[in-house]
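**Student:** Below is a structure I'd like to ask you about.
Each reported figure results from applying straightforward, stated rules to the coordinates on display, with no laboratory input. Bear in mind that the values here come from a model prediction, so they are computed numbers and not experimental data. Here Cβ is always computed from backbone atoms with ideal geometry, including for glycine, and neighbour counts include all displayed protein chains.
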Amino acid sequence: MTSVRKATQKDISLLSRKLMKLLEDKNSDVYQDNVAKFGIPEEYVRGVFAEKTLLKAIASGKARFYLAFEDNEIIGFAQTVKQDATTAELDRIIVFPEHERKGIGTQLLVQVVDDLKKEGVHVITVNAGKEETPARRFYEKNGFKLVKETTIQTPWGKELQLAIYKLQLILS
């Protein structure tokens, strides 16, 4: 059975270790789909997913992580970043390949949306690679509307084409 919850500091340590282990296999789907495809330098990715970086993000008070578990194993996660009192960004949502297409991404998204609504957030934004058809379909299926397509300069010096989506929340 799958469960989703907000990450604790201990969870962040486990998540960082799992991500670092997954990055070791350069032929894995995780590495190919999230690192190689975008030309991201490995040292940049390792820095982003380092335990101290993830803990620093939480300590800022703006970032939050949600973890999906199955039998006490992390099988996916989502990260949100509050932009202001009424806007948050879904920075990433990743379901590990052996668990894809089982509704886990949707479970993570539902938990994120529920929590953000309770905090008074009105809008959630998310960026997807312009050519990332499965990700774009996922967001569209879950009510996100395409706002625009744009090209950005990445911190590692490459251009990246993005589709920017927005989900308008109806507060109860």
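**Student:** Which whole-number percent gives the relative contact order of the range 2-168, counting Cα pairs below 8 Å spaced six or more residues apart? Each step should come with its number before you reach the end.
**Tutor:** On the way: 247 pairs, mean separation 30.1, N = 167.
Relative contact order, the range 2-168: 18 percent.
**Student:** Calculated from the structure, Rg and Dmax of the Cα atoms in Å equals which of (1) 19.4, 69; (2) 15.5, 45; (3) 21.6, 79?
**Tutor:** Evaluating Rg and Dmax of the Cα atoms in Å on these atoms matches (2).
**Student:** I would also like to ask the following. Indicate the gyration tensor shape class of the range 120-164 (rounded, prolate or oblate), computed on the Cα atoms with a ≥ b ≥ c the square roots of the eigenvalues: a/c under 1.5 is rounded; otherwise a/b larger than b/c is prolate and the rest oblate.
**Tutor:** The shape class here is oblate.
**Student:** With charges only on Cβ, +1 for K and R and -1 for D and E, what is the dipole size of the range 2-168 about its Cα centre, in debye, rounded to 20? Present the calculation step by step, with values, prior to reporting the outcome.
**Tutor:** Working: 27 positive and 24 negative charges, 90 e Å.
Dipole of the range 2-168, to the nearest 20 debye: 440 debye.
**Student:** Can you classify the range 87-172 as rounded, prolate or oblate using the Cα gyration tensor, where a ≥ b ≥ c are the square roots of its eigenvalues, rounded means a/c under 1.5, and otherwise it's prolate if a/b beats b/c and oblate if not?
**Tutor:** On the way: a/c = 1.90, a/b = 1.27, b/c = 1.50.
Oblate, since a/c reaches 1.5 and b/c is not below a/b.
**Student:** Restricting to DSSP H runs of at least four residues, report the calculated mean residue ellipticity at 222 nm for the chain, -39500 (n - 2.57) per run over all residues, nearest 500 deg cm²/dmol.
**Tutor:** Details: 6 runs with 62 residues, N = 172.
Rounded to the nearest 500, it is -10500 deg cm²/dmol.
**Student:** Each residue of the range 14-29 in turn: what ³J(HN,Hα) in whole Hz from Karplus with 6.51, -1.76, 1.60 and θ = phi - 60°, glycine and Pro shown as x?
**Tutor:** Residue by residue, the range 14-29 yields 5, 4, 4, 4, 5, 5, 4, 5, 5, 6, 5, 8, 5, 9, 5, 4 Hz.
**Student:** So what's the gap between the Cα centers of the range 97-168 and the range 5-54, to the nearest angstrom?
**Tutor:** The two parts, judged by their Cα centres, are 18 Å apart.
**Student:** With unit charges on the beta carbon (Lys/Arg positive, Asp/Glu negative), name the residue among GLY103, VAL113, LEU67 whose Cα is farthest towards the positive pole of the charge dipole of the range 2-168.
**Tutor:** VAL113
**Student:** Still on this model: Exposure proxy check: ASP11, ASP114 ranked by fewest other beta carbons within 10 Å? Please list the in-between numbers first.
**Tutor:** Values: ASP11 18, ASP114 10.
In order of increasing Cβ crowding within 10 Å: ASP114, ASP11.
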